[in-house]
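A.B. asks: Dumping the structure here so I can ask a few things about it.
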Amino acid sequence: METATPESAKALIYRTVVFCSMTSMLLGYDVGIMAGALPNMVEDLQLSTTEEEVIAGSLNIVAGLCAVLAGYTADKLGRKKALGIACIVFALGAGVMTAATNFAILFIGRIITGVGVGFGLVIAPLYLSEVVPPEKRGFLVCLFDVILNVGILEGYIVGYAVQVSINGAGTRWRLMIAIAILPPLMIIAGLFSLAESPRWLMQVGRESEALVVMSKMIPDPDAVQKLQREIKDVIAAETSNSYSDVLCPDTRALKAALHISLGLAIAQQITGSEAVIYYTPEIMKSAGISNQSEQMLWALPVGCAKLAGELVSVPLLDTQGRRPMLLIGGAMQFITLFFLSLSFLYKWGFASTIVFVSAFMFFFEVAAPISWLMPSEVYSTGKRGKAQSAAVTLNRIVSGTIAISFLSISKALTVPGTFFLFCGIAFIVTVWYFFVVPETKGLTLEEITSHLGQQAQTKTSVNDDENYESVNGFKDDYFEDHTDQKGRDIGDI
């Protein structure tokens, strides 16, 4: 079997990273462009406040619900084909939205687009986590989230450019949405140059194909054989890979993995970040900026700050680790949301509002990438697709619920009251990060699985826990040990 050169292996992996990460641009552009498109939709289609909230939040709720189907599709058809389906559906949804002449058609297009987004958010991080080398996994997988933020900033820029250069609300928002049809078509073309996930190929019994792919991605034949053995050992240890095994675990290791992955999914969105992005013009209006073009203009620093936070955090994930980024990001979200609330309460003016909103989004992105990365790390190959689906489902439902209710909540609690609420939630989230989330940097997926005790076990009862520990090496005080650690990797415990 021909072994790849280091150059060709890198080229294949980087192509995979680029085209998988581009799928996040679909969501990013949608989030950013809706900040500019929504006011024009309201003006053109005479949408009510409730209809505006539904259009803003429904995509994420649909994406969350369809994420379950995405995991199943990825496990049945493979990561690459499932990603292609996501792109086709997204492009179709954007086309329907562009042609909409009333709320009903717009809503249907939004639902179709949400299906595509849900598939992409599950499959791309899953695909990436299974093909990139462990020493660079944090950086390369989280490029997915970096590109998402590039998409948000792109949406802001396009929204502002269209707003100031095109006359007519109907023409403006349709042009903004129509541009979203192009990226998924580019991704589909790029998929033909990629290889399927070797871990998925091994999982479905196509071992010879998996070896060919691994030989293309890893220039060292001994490393290929070692990885093949590790994957086979993990697959052989799995007795069942259903959704019930992921969502209703009966071993303490799987319970830990579930707690981590679903907890991170909630924590990322529950501080209100995506609502801030969708309703940036409304927030700027509350701060005293009445002109719609100026509202879009002042949204640009927010988008830049969001991308900057990502660019600071992601390169540090594989050197400083996941936990420091979570703790710094969470603590600073609490602080910036507190001052943002005060700026609204005491009417400090739009300049302070922009500074604190931008600072909040910066530190949100310091922590945010781990919520996409870690659910794909803490499960074995057979369960990884379903686990990623469950995490994305919860993440998008939380995001959509906040987006769909943000205007109503801010009317009930006032704008400063709403941000004080998010501030309190950010404090709770940071405490949870400290006591629960382990460090996984530098370990292979199989090593993480091993250290979480998820090996060669049939279903065990609580009475079997002591025996489970002796077989798996997964100790009762794992998380206690971990939270007491000072920079040690999970493998050092």
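A.B. asks: Lys76 fails exactly one of the following numbered conditions: (1) in contact with a Ser or Thr (Cβ under 9 Å, 6 or more places away or on another chain); (2) on the phi < 0 side of the Ramachandran plot. What is the number of that condition?
C.D. replies: Result: Lys76 passes all but (1).
A.B. asks: In segment 40-96, what residues are of a type in the set (Lys, Arg), open to solvent by 10 Å² or more (accessible area, probe 1.4 Å) and in contact (Cβ under 8 Å) with a residue 60 or more places away in the chain?
C.D. replies: Hit for segment 40-96 is Lys80, nothing else.
A.B. asks: Do you know which residues across segment 261-289 are surrounded by fewer than 24 Cβ atoms within 10 Å (Cβ to Cβ) and among the β-branched types (Val, Ile, Thr)?
C.D. replies: Listed by number, the residues that qualify are Ile266, Ile270, Ile289.
A.B. asks: Of all the helices (runs of 4 or more DSSP H) wholly in segment 120-204, which have at least 2 residues that are under 30 Å from Leu38 (Cβ atoms) and open to solvent by 10 Å² or more (accessible area, probe 1.4 Å)?
C.D. replies: Counting at least 2 such residues, we get 137-165, 169-178, 182-191.
A.B. asks: Just wondering, is there one or more residues in segment 431-438 that are of a type in the set (A, V, I, L, M, F, W, C) and farther than 14 Å from Ala267 by Cβ?
C.D. replies: Looking through segment 431-438, none of the residues is of a type in the set (A, V, I, L, M, F, W, C) and farther than 14 Å from Ala267 by Cβ.
A.B. asks: Would it be correct to say that Gly109 is assigned to a helix (DSSP H, G or I), open to solvent by less than 10 Å² (accessible area, probe 1.4 Å) and farther than 19 Å from Ser21 by Cα?
C.D. replies: In short, yes.
A.B. asks: Tell me, yes or no, whether segment 461-468 has at least one residue that is at pLDDT below 90, closer than 30 Å to Gln203 by Cα, charged (D, E, K, R) and not in a helix (DSSP H, G or I).
C.D. replies: The answer is no; no qualifying residue exists.
A.B. asks: Could we say that Gly303 is open to solvent by less than 10 Å² (accessible area, probe 1.4 Å), out of contact with any Ser or Thr (no Cβ under 9 Å at 6 or more places or on another chain) and of a type in the set (Gly, Ala, Ser) here?
C.D. replies: No; evaluated as a whole, the condition is false for this residue.
A.B. asks: Taking the stated definitions as given, is Arg172 among the charged types (D, E, K, R), closer than 30 Å to Glu310 by Cβ and more than 22 Å from the chain's Cα centre (by Cα)?
C.D. replies: Taking the combined requirement at face value, the residue satisfies it.
The values are calculated or read from the model by the stated rules, or taken from the named source; none is laboratory data. What you are looking at is a predicted structure, and each value in this text was computed from that prediction instead of being measured. Positions of Cβ are backbone-derived with ideal geometry, glycine not excepted, and every protein chain shown enters the neighbour counts. Protein only, heavy atoms only, side chains kept; ligands, DNA and RNA dropped before computing areas. Shrake-Rupley method; radii C 1.70, N 1.55, O 1.52, S 1.80 Å.
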